[in-house]
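**Q** The following block contains the structure, expressed as structure tokens.
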């Protein structure tokens, strides 16, 4: 079933991306979604700024610097690519499919809400909306402030619940914010420049689906 013409969502229920499905709201044409974090309410991470006279480090270089200064060992990250968002009946929820770009090409299947799935489908296909939806507005606001999304990371998986974070660069420095995977993925797809999506290596070990063996 195409997500460009999705049916009305049913009764509210919590799913892996941490969304509660509700009936469509009138006014802006987008379904109303009450955001959650899957197992617990998402916390916003405190923004971190580099020294004023230091060049902006990338996320991996910053993590390595923390480790060399006595911090935790950086977590290896595996690059992913967006494959599709699909609705496999009789499941009422779309599933976002991300695939490991390197061998063995394992996949992550992330359940999302109906509204989130439709937003991601529009973003992946470059479909414009009559009025800017939330993710389009967020990307436009970042651009107006001279900021951009550097990377989207899938950081944790517990059962069917997924956690993520986005790394932002702005004139004031580099910040890391916790987010739902669907929001991070949609922002990456809506950004004018290509935004990498990664997953922690151990999460791919635990939750990755080997397309050759099916497990």
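**Q** May I ask you to list the residues in the range 178-193 that are surrounded by 18 or more Cβ atoms within 10 Å (Cβ to Cβ) and closer than 17 Å to residue 145 by Cβ?
**A** 187, 190, 191
**Q** For the range 87-104, enumerate the residues that are over 16 Å from the mean Cα position of the chain (by Cα) and in contact (Cβ under 8 Å) with a residue 40 or more places away in the chain.
**A** 87, 89, 92, 93, 104
**Q** Okay, moving on. Return a yes/no flag: does the range 178-200 have any residue that is in contact (Cβ under 8 Å) with a residue 40 or more places away in the chain and more than 21 Å from residue 83 (Cα to Cα).
**A** So far as the range 178-200 goes, yes, one or more of its residues are in contact (Cβ under 8 Å) with a residue 40 or more places away in the chain and more than 21 Å from residue 83 (Cα to Cα).
**Q** Let me ask something else. Pick from the range 141-177 the residues that are without any contact (Cβ under 8 Å) to a residue 24 or more places away in the chain and in contact with a helix residue (DSSP H, G or I) (Cβ under 9 Å, 6 or more places away or on another chain): which of them is surrounded by the fewest Cβ atoms within 10 Å (Cβ to Cβ)?
**A** 166
A short reminder: the numbers here are calculations on the coordinates, not readings from a lab. All figures in this text were calculated on a predicted structure; none of them were measured in a lab. In this analysis, Cβ positions are derived from the backbone assuming ideal geometry, glycine residues included, and neighbour counts consider all displayed protein chains.
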